[in-house]
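Working notes, structure below.
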Amino acid sequence: MKSNVKKREKQRSGFLRIVDVFHDVFDDADYADVPAWPPDAFCFAAAILHQSGAYTRVSSGLDLASDFKSRQAREKNIETTGKEWRTSKNAPPLVIKWWNTVRNASQLPLSSIVSHDALTAALINLLATADEACRGVGMSLREEDPFLTEAEFVLENCDNVTLCKAIHPTPNTSLSFRVISALFSQKLTYYWPHCKD
């Protein structure tokens, strides 16, 4: 209870830091380690982007392709890196690079993230790559895919509340898919076969 009071005080003062959000959403994980499970990285990046307001930079001309040869190369590399992440037990090099950018800014107040281009781009690219790694999750299994099988198992064993392994859903840490889709102002429809509306 005291930690929630301290968190609210930090939020009001504008001094909630990236590391505070990390420790809020991950129980006992080491901040140095990249989450191996893409949905955990997605949740963390989405929480930071949402709480800081930095998600608004997606449509403001932020250069998301600085790690790539072009915007088109970014799209292809995000897809390829997402596929690599879902088939490996370790995060790919680009994901590690973005994670390190976020980790190195751990003491930065959330209120100032929006003015840090490289950090905002790293968070958005981390989110996009984790999202790509999760492609097909929640849809009927049509093919043999170990990642989708594991994701289905996680969903079923968590009463379809979360896909995360290291982040447990609580009112303070979970984001609904409506919130996440609103982050990118797209009209997206999600289908979760085992969830009730």
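All of the numbers you see were taken from the coordinates with simple rules; none came from a lab. This structure is a prediction, so every number in the text was calculated from the model and none was measured. Cβ placement follows ideal geometry from the backbone for every residue including glycine, while neighbour counts extend to all protein chains displayed.
Here are a few things to note about the model shown:
- If you plug the beta carbon distance of F15 and T56 into 1/(1 + (r/R0)^6) with R0 = 25 Å, you get a FRET efficiency near 0.75.
- For R17, distant residues with modelled amide H under 5 Å away: L110
- Note on D30 and K97: their simple-model spin labels are 2.4 nm apart, each label 7 Å out from Cα toward Cβ.
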